[in-house]
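Heads up: the structure comes next, in C-alpha cells.
The values are calculated or read from the model by the stated rules, or taken from the named source; none is laboratory data. Since we're looking at a predicted model, the values are computed, not measured. Using ideal geometry, Cβ is built from the backbone for each residue, glycine included, and neighbour counts are taken over all protein chains shown. Surface areas here come from the heavy atoms of the whole protein model, side chains and all, with no ligands, DNA or RNA. Shrake-Rupley method; radii C 1.70, N 1.55, O 1.52, S 1.80 Å.
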Amino acid sequence: IANDKVLVTFKTAEDTFEVQGTIGESLLDVVVNKDVPLDGFGACEGTLACCTCHVVLTEEHFDRLAKPEEEELDMLDLAPELTDQSRLGCQVILTKEDKPGVVVKVPSVTRDARSL
Ligand code: FES
C-alpha cells in the first residue's frame, strides 16, 4: 500500500467494502472516488445539510480526531442510530495516523435531513 494511501473498510449490516483512500480525502470522497455502493450516502455532497453520510468510527479513531464542529453536531442529532462514535463521513479526513487502515461502520438506516 502506497505511502499516501489508507485502507478503508466500510461495513454495512450486509456487506464489507475494502478500498484504498488517499490521505487528505474525506470518507465521503473515498466513497465517491471508489464507487463504494452505499445507497444514498452523501446526498448533499458534503455541505453539512443531510446526515446521510453518518458513520460510526472505532473509539480509537474517533478519539484521535478533532471534535466535531457545532454545525456537524446539529446535523448528527438528526441521524438515526446515533452513537458516541458517530461522525459525518464528509467531515472525517484521512490522515497519516490512519495508516495502515480504518474500519468505518455505516448504519443501515439513513435519513436525509433535507426531507424532514
Ligand atoms: Fe451531507 Fe455529509 S454528505 S452532511
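Below is a table of values for the structure above.
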{"item": "Tally of residues being in contact with an Asp or Glu (Cβ under 7 Å, 6 or more places away or on another chain), closer than 18 Å to L57 by Cα and open to solvent by 30 Å² or more (accessible area, probe 1.4 Å) across the range 1-47", "result": "3"}
{"item": "Elements of type helices (runs of 4 or more DSSP H) contained in the range 1-96, each with 3 or more residues being in contact with a Lys or Arg (Cβ under 7 Å, 6 or more places away or on another chain) and more than 10 Å from the ligand (Cβ to nearest atom)", "result": "none"}
{"item": "Any hit, the range 61-69, residues being open to solvent by 80 Å² or more (accessible area, probe 1.4 Å), in contact (Cβ under 8 Å) with a residue 60 or more places away in the chain, out of contact with any Ser or Thr (no Cβ under 6 Å at 6 or more places or on another chain) and charged (D, E, K, R)", "result": "no"}
{"item": "Selection from the range 49-60 of residues that are touching a strand residue (DSSP E or B) at 6+ places or on another chain (Cβ under 8 Å) and open to solvent by 30 Å² or more (accessible area, probe 1.4 Å)", "result": "T58"}
{"item": "Residue, least open to solvent (accessible area, probe 1.4 Å), within the range 94-114, restricted to residues that are touching a residue at least 40 places away in the same chain (Cβ under 8 Å) and over 16 Å from T58 (Cβ atoms)", "result": "A113"}
